[in-house]
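Taking it in order: structure first as structure tokens, then the write-up.
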Amino acid sequence: MTQHIADKGKVWIKGTFKPVYAVRIDQKIFLLGSEMDVEPETRVDNEHLFVDWKDDSKSIRLGRCISLSAPAEIAGTLFNGFDNTKHADILAVNPSGEGTVDKIFKDADFHEKGLAEMNTDKFLRTFMNMQSVNEAT
């Protein structure tokens, strides 16, 4: 069964000072990363959620691969967005939990690899081993 992103928004994590971007796949909420101050692009491929976050002003691009089977264990509250999900206290998947793969490109790497201009699909296929594109947000 092909899974897809059903909703997106922000989650307020207990004990933090700002909400975190997140998506819902089936009934599970996946946090995308607290370092992100602009909404990242996301894709679902096979059994993984891929995240592409780029900040041209800081010359940084982060690719993240999170297993869809990762456990939801971080307590939070749906904050805003989430048009298709009822507001609630939730448990969410940790974006830096066990099995998550991150690749970060900064400064010279960011510019030398042409990451400012590269589209999300090419970036995720080239640097994160994404196979196909099932869902774009």
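The values are calculated or read from the model by the stated rules, or taken from the named source; none is laboratory data. These figures come from a predicted structure and were not determined experimentally. Cβ placement follows ideal geometry from the backbone for every residue including glycine, while neighbour counts extend to all protein chains displayed.
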Write out, first by first residue and then by second, each pair whose Cβ atoms fall under 9 Å of each other, whose residues are 6+ apart or on separate chains, and whose first residue, in region 10-33, is over 13 Å from Phe79 (Cβ atoms) and free of Cβ contacts under 8 Å to residues at least 24 places away in the same chain while the second is acidic (Asp, Glu) and outside any strand (DSSP E or B). none
Give me the residue from region 71-98 that is surrounded by fewer than 19 Cβ atoms within 10 Å (Cβ to Cβ) and among the small types (Gly, Ala, Ser) and, out of that set, nearest to Gln3 (Cα to Cα). Ala72
Condition broken by Val101, with the remaining ones in (1) hydrophobic (A, V, I, L, M, F, W, C); (2) over 21 Å from Ile29 (Cβ atoms); (3) exposed (fewer than 14 other Cβ atoms within 10 Å of the Cβ) satisfied: (2)
Tell me the strands (runs of 3 or more DSSP E) entirely within region 21-137 that contain at least 1 residues that are hydroxyl-bearing (Ser, Thr, Tyr) and closer than 20 Å to Lys8 by Cβ. 41-45, 60-67, 72-81
Need pairs with beta-carbon distance below 7 Å; first residue more than 24 Å from Asp7 (Cβ to Cβ) and surrounded by 14 or more Cβ atoms within 10 Å (Cβ to Cβ) and within region 126-137, second modelled with pLDDT of 55 or more and not hydroxyl-bearing (Ser, Thr, Tyr); sequence gap 6+ or separate chains. Phe127/Gly63; Phe127/Lys103
Any idea how many residues of region 34-50 are under 11 Å from Pro95 (Cβ atoms) and buried (at least 20 other Cβ atoms within 10 Å of the Cβ)? 2
Which pairs have Cβ atoms under 8 Å, sit 6 or more apart or on different chains, and link a residue in region 72-96 that is among the hydroxyl-bearing types (Ser, Thr, Tyr) to one that is not in a strand (DSSP E or B)? Thr77/Lys14; Thr77/His87; Thr77/Ala88; Ser96/Gly33
